[in-house]
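**Q** Here's a structure for you.
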Amino acid sequence: MKLLITGGAGFIGSAVVRLAVARGHQVANLDALTYAANLTNVASVADSPLYTFVQTDIRDRAALDAAFATHRPEIVLHLAAESHVDRSIDGPADFIDTNITGTFNMLEAARKYWQAAGRPDGFRFHHVSTDEVFGSLPVDPAVRFTEATAYDPRSPYSASKAASDHLVRAWHETYGLPVVLSNCSNNYGPYHFPEKLIPVVILNALAGQALPIYGDGSNIRDWLYVEDHADALLLVATKGALGRSYNIGGENERTNLQLVQTICAILDRLRPRETGTYADLITFVTDRPGHDARYAIDPTRIRTELGWRPSVTVEGGLERTVRWYLENEAWWRPLVNRQSLGQRLGRAAP
């Protein structure tokens, strides 16, 4: 099929691009190449006749119209977004512009294209979102996010994604635009830009630096290996029921402290320190404002309706991830000097 993927030079988007090309789809990758984007992420498919890169900002409506007219997609996977919670606390404007206004532009460009093409039955607009729109859960394994959970965003990032979700639903209900939505748990894996917890811990550990953990490390997340997520996204995009949302989770809940301790144990085995263990570097730091206590996905809908389950446990996925960073210093070394990396963000008052 002909896919148009926004944010395809980013972490999750590039995993979708690589998988889509591997499966024989024709892919147009639209990315503005902001600070977290990296064309090296898609270097393995860059020479494929199935792949085209277009440097386009989703805030530029005219450029989007041109991209739709040129590439004539059958399916849109909209992943382009500002995604780092800490950055959203310090600078929310970029999140409003990209995640809300950018999504509005994508919806309008898609609607114009779809209507001009005679409203083809096979066209789909897949909006990719986050479980953070649902807010925070109690520490009770019986309580998890479902697709019916009320929205309760707590950060500028999650609020901007919640707004974009509502826009997508409104364009479906008001204009009949054929959409599907998905809300995922925390992703990790290869090509993860080194500002999020897992790559920060791996790279700090290799450098012998402190491993920062917010608060007491008790915050719980459900961890989803990025290549599993890419597989689920292509499935939802092609087989999901129109107007329906699907929660995509890894079924791997861990506290932040447990997660970091697991990474340390893997590094102890694969690249031991000269003295001591990597866990000796763990440092608890002041918590960020509005830090949600727990996220956990109930994946019943995607499992029962589409037959999808994650293939990787968090322990297996972390092993793969640590090995990838050990073997790909040429990828991450140029990134560690990029904007604000190594600085503590998100300490603004709530």
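**Q** Out of the residues in region 153-181 that are within 17 Å of the chain's Cα centre (by Cα) and assigned to a strand (DSSP E or B), which is nearest to Ala110 (Cα to Cα)?
**A** Of everything passing the filter in region 153-181, Val180 is nearest to Ala110 (Cα to Cα).
**Q** OK, next. Could you check how many residues of region 278-317 are under 21 Å from Ile202 (Cα atoms) and β-branched (Val, Ile, Thr)? Write out each step before concluding.
**A** In the first step, residues of region 278-317 are kept if they are under 21 Å from Ile202 (Cα atoms); the result is 278-288, 312-317.
Narrowing the set further to residues that are β-branched (Val, Ile, Thr) leaves 282-283, 285-286, 312-314.
Of the residues in region 278-317, 7 are under 21 Å from Ile202 (Cα atoms) and β-branched (Val, Ile, Thr).
**Q** Looking at Ile96, Ile5 in this structure, which one is out of contact with any Pro (no Cβ under 6 Å at 6 or more places or on another chain), under 26 Å from Trp171 (Cα atoms), surrounded by fewer than 23 Cβ atoms within 10 Å (Cβ to Cβ) and not small (Gly, Ala, Ser)?
**A** None of the others qualify; the one that does is Ile96.
**Q** Looking at region 227-239 only, could you name the residues that are surrounded by 22 or more Cβ atoms within 10 Å (Cβ to Cβ) and of a type in the set (Val, Ile, Thr)?
**A** Correct list: Val236 only.
**Q** Mind checking which residues of region 240-263 are surrounded by 19 or more Cβ atoms within 10 Å (Cβ to Cβ), farther than 28 Å from Arg288 by Cβ and not hydroxyl-bearing (Ser, Thr, Tyr)?
**A** Gly240
**Q** Same structure again: For the condition surrounded by fewer than 23 Cβ atoms within 10 Å (Cβ to Cβ) and in contact (Cβ under 8 Å) with a residue 40 or more places away in the chain, what is the one hit in Arg124, Arg154?
**A** Of Arg124, Arg154, the one residue that is surrounded by fewer than 23 Cβ atoms within 10 Å (Cβ to Cβ) and in contact (Cβ under 8 Å) with a residue 40 or more places away in the chain is Arg154.
**Q** Among (1) among the acidic types (Asp, Glu); (2) at pLDDT below 95; (3) part of a helix (DSSP H, G or I), where does Asp268 come up short?
**A** Among (1) among the acidic types (Asp, Glu); (2) at pLDDT below 95; (3) part of a helix (DSSP H, G or I), the lone unmet condition for Asp268 is (2).
**Q** Return yes or no: is Arg144 charged (D, E, K, R), crowded, with 18+ Cβ neighbours inside 10 Å, touching a residue at least 60 places away in the same chain (Cβ under 8 Å) and farther than 21 Å from Arg87 by Cα?
**A** It is true that Arg144 is charged (D, E, K, R), crowded, with 18+ Cβ neighbours inside 10 Å, touching a residue at least 60 places away in the same chain (Cβ under 8 Å) and farther than 21 Å from Arg87 by Cα.
**Q** Kindly provide the set of residues from region 219-234 that are in a strand (DSSP E or B) and either of a type outside the set (Phe, Trp, Tyr) or in contact with a Cys (Cβ under 7 Å, 6 or more places away or on another chain) (or both), ordered by number.
**A** Residues satisfying the conditions are Ile220, Arg221, Asp222, Leu224.
**Q** Taking the condition within 26 Å of Pro153 (Cβ to Cβ), surrounded by fewer than 19 Cβ atoms within 10 Å (Cβ to Cβ) and either modelled with pLDDT under 95 or within 20 Å of the chain's Cα centre (by Cα) (or both), does Val285 pass? Let's see the steps before the verdict.
**A** Working: within 26 Å of Pro153 (Cβ to Cβ): yes; surrounded by fewer than 19 Cβ atoms within 10 Å (Cβ to Cβ): yes; either modelled with pLDDT under 95 or within 20 Å of the chain's Cα centre (by Cα) (or both): yes.
The answer is yes for Val285.
**Q** Taking region 1-15 on its own, how many of its residues are of a type in the set (Ser, Thr, Tyr) and more than 11 Å from Ala80 (Cβ to Cβ)?
**A** 1
**Q** Name every residue in region 182-218 that is without any contact (Cβ under 8 Å) to a residue 12 or more places away in the chain and in a helix (DSSP H, G or I), in order of residue number.
**A** Within region 182-218, no residue meets the criteria.
The values are calculated or read from the model by the stated rules, or taken from the named source; none is laboratory data. As the structure is a computational prediction, the values presented were derived from the model and not from experiment. With ideal geometry, Cβ positions are generated from the backbone for all residues, glycine too; neighbour counts draw on all protein chains shown.
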